[in-house]
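Everything on this sheet refers to the single structure shown next.
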Amino acid sequence: MTKESDRILDIAMEWVWMVLDAGLMMLAQPFYYISVILIGILYRRQVLLERKLFHVRVNGWQSQTLRTMLGGLVAGLGVSVMMAFLGITLTMSAVLCLWAASLLLMLFRVRFLCFAYAAGLLGIVQSVLGWFPGWQPDGWLGSVHTALLNLNVPSLLALAAVLHLAEAGLVMLQGGRFASPLFLEGKRGKLVGGYQMQSFWPLPLFLLVPSAGGPMLPWTPFFGGDDWMSGAGIAALPVLIGFGEMTQSMLPKQKAVISGKRLVIYSSIVLMLSLLADWWPPLMLAAALAAPLLHEGLAWYSRYEEQQRSPLFVHPPKGLKVLAVLPGSPAEELGILAGETILKVNGTLVRSKEQLHAALRQNAAFCKLEVQNYEGESKFMQRAMYAGEHHQLGVILSPDPDAGLAVRLKPLSIAGLLGMKWSLKNKMAAEEEGAETRTPAGKGSPAAAGLEKDSLDM
């Protein structure tokens, strides 16, 4: 009994040392730090846009970056457990190929920083190279050629599927909280409110890899077959997963839940195709094509769905529609929510921002509100007002349909992301030079914030 206990303890300590070694390997790789830096740049860019539009930041980029890091850490551990049972293995050359393909695609669109596109691209390239067996380049190109031919593409696709399953969970839990309000141009040229939902998560993964002399696994993983008979080790792999949506017809939380459920279906299909491709290799090219094409199909359907639905964040005939509520503001303390409608302030029916401000000035020390919730029911709230608080209770209202200018959303590349700070400085300098000839704009409009149409691309 003692010998058996000692044996179990030795095996446990061996696994502990392997995990610690993999953790040090993770810290030594630059990819995780690159991911965090890119995430910080993205969220800071989002805050700059909020300040331009609303003269106040809705979200803090530091807190958002920290939350995504924590969410990514938890998701990474969960994905690592799933991949351990599947037996998804990656060599160092496969890791480099994945990251190289991801960064290459990111040069064209930030949303292409997704392993579904990278794994699909690598699978397609491997299939094309297989059509020319006589081509054997020399030098560094030959090394790349060999690395591409040796890739286990079904395993890469299974990894992409599991990562999207983790992304689905993160989107449903955190996607709505990271949404940023915007003024957009609707189908009829009128201004409407909307939300840009763009999030990235850095995931530290710990993969089981076949290793001669390592401890034996008590189970047989799906991928790898007899490779696991010699033992197993642990390798570290930092990855970056991302999510991008825009909505003007739903609340951010609703959109996040719907998108998350669709991602679950997508990941299930890709995982099934990867398992079939591992079982029957001729299916590999079809599976590699399906991963990015189905992902693009999800994006297309989401845009189509938004076009078919009526915008949510527009003012009704009676009242003012709330686009967003600032954290820690009087409106948040009162319980006002995005998507609700402010009907009356201090007993006065309000139909414009000017009427809202006038009604609030009727009693500078106290305010009473009647707010209509999503179900069309009125709720009544009241609160004392204090000096220095937000002049609009901390509410960001939906835009007036004919006032101000919209922000036009354009596909974002890595060059545009990194060049955002320089562009903002240039625009601010141009504003100061042309301040005398600028046409006056309403307070709080994009024009008042120095925005011209298409001047900020998302």
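The values are calculated or read from the model by the stated rules, or taken from the named source; none is laboratory data. Model, not experiment: these values are computed from the prediction. We place every Cβ from the backbone using ideal geometry, glycine too, and count neighbours over all the protein chains shown.
Can you find a residue that is in a helix (DSSP H, G or I) and among the small types (Gly, Ala, Ser) anywhere in the stretch 269-284? Scanning the stretch 269-284, I find at least one residue that is in a helix (DSSP H, G or I) and among the small types (Gly, Ala, Ser), so the answer is yes.
Within the stretch 65-90, restricting attention to residues that are out of contact with any Asp or Glu (no Cβ under 9 Å at 6 or more places or on another chain) and outside any helix (DSSP H, G or I), the residue that is surrounded by the fewest Cβ atoms within 10 Å (Cβ to Cβ) is LEU90. Residues of the stretch 91-137 that are within 16 Å of the chain's Cα centre (by Cα), at pLDDT 80 or above and part of a helix (DSSP H, G or I): SER102, MET106, PHE112, PHE115, ALA116, TYR117.
Would the stretch 316-332 turn up any residue that is under 30 Å from LYS187 (Cβ atoms) and of a type in the set (S, T, N, Q)? No, because not a single residue in the stretch 316-332 is under 30 Å from LYS187 (Cβ atoms) and of a type in the set (S, T, N, Q).
Please go through the stretch 323-353 and give me each residue that is among the hydrophobic types (A, V, I, L, M, F, W, C) and either assigned to a loop (DSSP other than H, G, I, E, B) or under 17 Å from LYS368 (Cβ atoms) (or both), ordered by number.
Here is the first cut: in the stretch 323-353, the residues among the hydrophobic types (A, V, I, L, M, F, W, C) are 323-326, 331, 334, 336-338, 342-343, 345, 349-350.
Within the stretch 323-353, LEU326, ALA331, LEU334, ILE336, LEU337, ALA338, ILE342, LEU343, VAL345, LEU349, VAL350 qualify.
Of the residues making up the stretch 20-28, at least one is touching a residue at least 12 places away in the same chain (Cβ under 8 Å) and in contact with a helix residue (DSSP H, G or I) (Cβ under 7 Å, 6 or more places away or on another chain). For the stretch 50-64, how many residues are small (Gly, Ala, Ser) and assigned to a loop (DSSP other than H, G, I, E, B)? The total comes to 1. Just one of (1) closer than 20 Å to MET246 by Cβ; (2) within 23 Å of the chain's Cα centre (by Cα); (3) among the hydrophobic types (A, V, I, L, M, F, W, C) fails for LEU293. It is (1). Within the stretch 56-63, does at least one residue satisfy the condition of being touching a Gly at 6+ places or on another chain (Cβ under 9 Å), of a type in the set (Phe, Trp, Tyr) and either more than 18 Å from GLY176 (Cα to Cα) or assigned by TED's automatic domain parsing to the domain that holds VAL325 (or both)? Checked against the condition, which is being touching a Gly at 6+ places or on another chain (Cβ under 9 Å), of a type in the set (Phe, Trp, Tyr) and either more than 18 Å from GLY176 (Cα to Cα) or assigned by TED's automatic domain parsing to the domain that holds VAL325 (or both), the stretch 56-63 yields no hits at all.
Looking at the stretch 354-386 only, could you name the residues that are under 15 Å from LEU320 (Cβ atoms) and either of a type in the set (Gly, Ala, Ser) or assigned to a loop (DSSP other than H, G, I, E, B) (or both)? Residues satisfying the conditions are ALA358, ALA359, ASN373, SER378. Filtering the stretch 156-180 to residues that are within 21 Å of HIS315 (Cβ to Cβ) and modelled with pLDDT of 90 or more leaves nothing. Scanning the stretch 248-297 for residues that are in contact with a Leu (Cβ under 6 Å, 6 or more places away or on another chain), more than 22 Å from ARG109 (Cβ to Cβ) and hydrophobic (A, V, I, L, M, F, W, C) gives LEU276, ALA277, LEU283, ALA287. Candidates PHE183, PHE200: the one that is over 16 Å from the mean Cα position of the chain (by Cα), in contact (Cβ under 8 Å) with a residue 24 or more places away in the chain and crowded, with 17+ Cβ neighbours inside 10 Å is PHE183.
Residues LEU240, LEU298: which one is under 30 Å from ALA179 (Cβ atoms), at pLDDT below 90 and either surrounded by 13 or more Cβ atoms within 10 Å (Cβ to Cβ) or among the hydroxyl-bearing types (Ser, Thr, Tyr) (or both)?
Details: LEU298 fails: at pLDDT below 90.
LEU240 is the lone residue from the list that is under 30 Å from ALA179 (Cβ atoms), at pLDDT below 90 and either surrounded by 13 or more Cβ atoms within 10 Å (Cβ to Cβ) or among the hydroxyl-bearing types (Ser, Thr, Tyr) (or both).
Against the numbered list (1) out of contact with any Cys (no Cβ under 9 Å at 6 or more places or on another chain); (2) at pLDDT 80 or above, PRO221 comes up short only at (2).
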